[in-house]
Amino acid sequence: MAASRYLFTIGYVARMLGQDENRIAEIAMDMEPEDGCHAVVDINDESTVVFTTRGIENLKELLDDLSET
């Protein structure tokens, strides 16, 4: 599988999935770069969580698992 060219901010992903950004942030804390979850730092030394396409798919699976419990 080819590497993802795009990264999607946590706010974008939360809106896309119809989820609260804080809930996504809590779940992302347990994700690793290998899972498609990364942090990006901007020029003001502020960071935000971003996801690759694979990261979004992994996040969806985690959300499904959590909703089943």
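The values are calculated or read from the model by the stated rules, or taken from the named source; none is laboratory data. Every value quoted in this text rests on a predicted model; they were computed, and no experiment measured them. Quick reminder, even Gly has a Cβ in these numbers, built from the backbone with ideal geometry, and neighbours come from all protein chains shown. Side chains included, ligands, DNA and RNA excluded: accessible areas come from the protein's heavy atoms. Shrake-Rupley method; radii C 1.70, N 1.55, O 1.52, S 1.80 Å.
For the range 28-69, name all the residues that are crowded, with 17+ Cβ neighbours inside 10 Å and assigned to a helix (DSSP H, G or I).
Of everything in the range 28-69, those that are crowded, with 17+ Cβ neighbours inside 10 Å and assigned to a helix (DSSP H, G or I) turn out to be 28, 35, 55, 56, 58, 59.
List pairs: first in the range 5-16 and within 17 Å of residue 35 (Cβ to Cβ), second open to solvent by 50 Å² or more (accessible area, probe 1.4 Å) and of a type in the set (A, V, I, L, M, F, W, C), Cβ under 8 Å, 6+ apart or cross-chain?
7/40; 8/16
Say whether the condition of being at pLDDT 95 or above and touching a Leu at 6+ places or on another chain (Cβ under 6 Å) is met by at least one residue in the range 24-41.
yes
Applying the selection to the range 12-26, what residues are surrounded by 14 or more Cβ atoms within 10 Å (Cβ to Cβ) and not hydrophobic (A, V, I, L, M, F, W, C)?
12, 19, 21
Which residues, taken from the range 37-67, are over 11 Å from residue 9 (Cα atoms) and free of Cβ contacts under 8 Å to residues at least 12 places away in the same chain?
Scanning the range 37-67 gives 41, 42, 43, 44, 45, 46, 61, 64, 65, 67.
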